[in-house]
1. How much of the pair distance distribution for region 18-90 lies past 20 Å, counting alpha-carbon pairs only, in percent?
2. What distance in nm separates the simple spin-label points at D49 and C71, each placed 7 Å from Cα in the Cβ direction?
3. Express in nm, to one decimal, how much length is gained between E3 and H17 on full extension, taking 0.36 nm for each residue of separation and deducting their alpha carbon distance.
4. Out of the chymotrypsin sites (Phe, Trp or Tyr not before Pro) in region 1-88, which ones are loop residues according to DSSP with at most 16 other C-beta atoms within 10 Å?
5. If I model a spin label as a point 7 Å beyond the Cα along the Cα-Cβ vector, how far apart are those points for I36 and H82 in nm?
6. Using only the alpha carbons of region 1-40, what is the convex hull's orientation-averaged projected area in square nanometres?
7. Can you pull out the trypsin sites (Lys or Arg not before Pro) in region 6-91 whose DSSP state is coil and whose Cβ has at most 13 other Cβ atoms within 10 Å?
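All of the numbers you see were taken from the coordinates with simple rules; none came from a lab. Just so it is clear, the model here is predicted, and its values are computed rather than measured. Cβ atoms come from the backbone with ideal geometry, glycine included; neighbour counts cover every protein chain shown.
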Amino acid sequence: MEEREMILKCPACGFDHLCQEHVEIFNRPEDAQKGIHITASEDRIIVDDNLINNPSPRRQGVTILCRCEECDHSTRIHIYQHKGQTYFEVE
Ligand SMILES: [Zn+2]
């Protein structure tokens, strides 16, 4: 199987050095109103049941917040499940 790799570029300035600031993991059974939300940053991990920013309307999702080293623009990368498919989205 072929592996593919991509380098993300800042959507504001095109620079290719984006640093991860924190990662959010959302997990829940399908359509559940409550689930697990984990936020991992450089110096702490926060666990709660707040799914309000879950990129998936019904299932699991991951959001990675990145900051551009050149222009300081914040970019959110979402990977999430919806209707059996897995989506990759850059906000
Ligand atoms: Zn930038």
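1. On the way: 844 of 2628 pairs.
Of the Cα pairs, 32 percent sit more than 20 Å apart.
2. Taking the simple label geometry, D49 and C71 are separated by 4.2 nm.
3. Details: separation 14, 0.36 × 14 = 5.04 nm, distance 2.17 nm.
Additional length available on full extension: 2.9 nm.
4. Those that pass, being in a loop and sparsely packed, are F15.
5. According to this spin-label approximation, the distance is 2.4 nm.
6. For the Cα atoms of region 1-40, the hull's average projected area reads 5.5 nm².
7. In loop regions of region 6-91 (DSSP not H, G, I, E or B), the sparsely surrounded trypsin sites (Lys or Arg not before Pro) are K34, R44, K83.
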